[in-house]
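Notes for the one structure printed next.
The values are calculated or read from the model by the stated rules, or taken from the named source; none is laboratory data. No experiment lies behind these values; they were computed from the predicted model shown. Note that we place each Cβ from the backbone using ideal geometry, even for glycine, and neighbour counts take in every protein chain shown. Please note that ligands, DNA and RNA were not included when accessible areas were found on the heavy atoms of the full protein model with its side chains. Shrake-Rupley method; radii C 1.70, N 1.55, O 1.52, S 1.80 Å.
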Amino acid sequence: MELEKQERILNASMKEFAQKGFKNASTNEIVKEADIAKGMLFHYFNNKKDLFLFLYDYSLEALEEEFFGKIDLQERDLLKRWRQLALLKIDVIAKYPEMFRFIMAANFENDGKVKNELQNRNKDFITSSYAMIYDNIDHSKWRNDIDIKRAMDIINWTIEGFGVRQQEKTKLPSFSEFNCDEIMAEMDRYLELFRNCFYKQQEDASSQ
């Protein structure tokens, strides 16, 4: 398939699924938006489910490359790593708005035809993502009286909740209304709180 035509199909499909969900998305609208014959769409995809899952796999692969292909794993401070990921996520929103809207909508998809397969894909993605985020972290920065595993759980839950709250803003008519500076300022407040709670204070660290 020609690259330009492929991009039209992908963008049109993501837009349709993001706006209407799996059940209500129309392949007729997709081919109309992509300006292709319907037979061409089903030449590459057997049905709407195959198209939807292909888009999800394609999007996860692209996001994985954007996030984990660019993160600096030489940075061993966990909180700095989380900040890197937040900045990369904002870049992805600006660079691939339709893909991001599609991923967010798919995460709330309840149609039985795709729900279980999406959950399995997400489970694998999340497991591999966390494994990389927490790989080779410098634990010497953490306070000696802290249960690091539980502290990491608290960080995970907070950041996940923060992410869900920000995802609601992807429902805005335009990503230009998505205030990146405001989001990062709020993210920094949480990271600073974690640093004060869980890390050794500067004078304690310097005395070691």
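A few points about this structure:
- Test for I36: is it part of a loop (DSSP other than H, G, I, E, B), out of contact with any strand residue (DSSP E or B) (no Cβ under 9 Å at 6 or more places or on another chain) and open to solvent by less than 80 Å² (accessible area, probe 1.4 Å): yes
- Cβ-Cβ under 7 Å pairs, at least 6 apart or on other chains, region 37-54 side over 12 Å from Q6 (Cβ atoms), far side among the basic types (K, R) and modelled with pLDDT under 95: K49/K113
- Any pair with Cβ under 6 angstrom, 6 or more apart, that starts in region 70-98 at a residue that is closer than 16 Å to Y199 by Cα and ends at one that is part of a helix (DSSP H, G or I) and open to solvent by 20 Å² or more (accessible area, probe 1.4 Å): L79/R195
- Residue within region 53-62 that is in a helix (DSSP H, G or I), of a type in the set (F, W, Y) and more than 17 Å from I103 (Cβ to Cβ) present: no
- Residue check, E16 over 25 Å from I183 (Cβ atoms) and without any contact (Cβ under 8 Å) to a residue 12 or more places away in the chain: no
- For A106: the one exception among (1) surrounded by 18 or more Cβ atoms within 10 Å (Cβ to Cβ); (2) free of Cβ contacts under 8 Å to residues at least 12 places away in the same chain: (2)
- Residues that are assigned to a helix (DSSP H, G or I), out of contact with any Asp or Glu (no Cβ under 7 Å at 6 or more places or on another chain), free of Cβ contacts under 8 Å to residues at least 24 places away in the same chain and open to solvent by less than 70 Å² (accessible area, probe 1.4 Å) do occur in region 23-33.
- Residue satisfying all of: in region 110-122; touching a residue at least 40 places away in the same chain (Cβ under 8 Å) and in a loop (DSSP other than H, G, I, E, B); nearest to G69 (Cα to Cα) among these: V114
- The listed residues are F42, F67, and the only one of them that is open to solvent by 40 Å² or more (accessible area, probe 1.4 Å) and of a type in the set (A, V, I, L, M, F, W, C) turns out to be F42.
- Residues that are closer than 25 Å to K123 by Cα and polar (S, T, N, Q) do occur in region 42-53.
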